[in-house]
Amino acid sequence: LSASLSGGGASASASITTSTRAFIESSTVTVTGDLLVDARLVATAVARVDSTAASFGLISAAAAGSVVSATVTPTVEARLSGSQVSARDVTVSASAKPKADVRATGFAVSSGVSVGVSRATVTLSPVVTASAGGTLTLRHLTVTASHLLPDSGASANAYAGTCSGRQL
């Protein structure tokens, strides 16, 4: 009698936790035209993982599993604070454009029992803030904080697939 067991497993993760800041603080600024305080973040996390297991014998079992995750949690801040500013138009703008793409695959085959499991998760949670304060002498003030979609494709793409079977 021959017995055969096989197992395969793999995991991968990608994480982006950066800080992007643009600010004017405790300053005196005099501009004859427009003033722009702009913080922008474009971040993409990508992770891939594959696992395979094969087992052949009179009594056999194979199991394969893969787990993948991506987390994009940046901080983006634009601010004008505690300053004396003289300008025509002032814009304070912060934006984040996060994206994540993950893929987990597993394959298990045996002449007996085979099992495969895969899991893929994506978390996108940027913190985006913009503010203006101080002594401002100006014609027009614009303050924006934006969580933007990517220029192409989905913001989050998570794929998990497993195939298992019996080979006689």
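Per residue, how large is the accessible surface of region 1-121? Use a 1.4 angstrom probe and give square angstrom. Show your work: numbers first, answer last.
Details: 5790 Å² over 121 residues.
Per-residue accessible area for region 1-121 comes out at 48 Å².
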What does a probe at Phe23 reach in region 115-152, counting residues whose amide N is under 17 Å from the point 7 Å along Cα→Cβ?
127-135, 144-145
In nanometres, what is the gap between the two model label sites at Leu136 and Thr123, each 7 Å from Cα along Cα-to-Cβ?
3.4
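Of all beta bridges DSSP finds with both residues in region 6-116, what is the antiparallel percent, to the nearest 5? Numbers along the way, then the final one.
Numbers: 0 of 46 bridges.
Around 0 percent of the beta bridges assigned by DSSP in region 6-116 are antiparallel ones.
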Could you check how much of the accessible area of the chain is carbon and sulfur, as a whole percent, using a 1.4 Å probe?
51
About its Cα centre, the chain carries a charge dipole, from +1 on Lys and Arg Cβ atoms and -1 on Asp and Glu Cβ atoms, whose size in debye to the nearest 20 is 260
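Over the chain, what relative contact order in percent results from Cα pairs under 8 Å that are six or more residues apart?
Numbers: 556 pairs, mean separation 46.2, N = 168.
The normalised contact order for the chain reaches 28 percent.
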Please compute the Cα-Cα pair-distance distribution of the chain with 10 Å bins starting at 0, giving whole percents from short to long.
11, 25, 18, 15, 12, 9, 6, 4, 1, 0
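The values are calculated or read from the model by the stated rules, or taken from the named source; none is laboratory data. The structure presented is a predicted model; accordingly, all values stated were derived computationally and were not measured. Neighbour counts are summed over all protein chains in view; Cβ atoms, including those assigned to glycine, are modelled from backbone coordinates with ideal geometry. Only protein heavy atoms, including side chains, enter the accessible area calculation; ligands, DNA and RNA are left aside. Shrake-Rupley method; radii C 1.70, N 1.55, O 1.52, S 1.80 Å.
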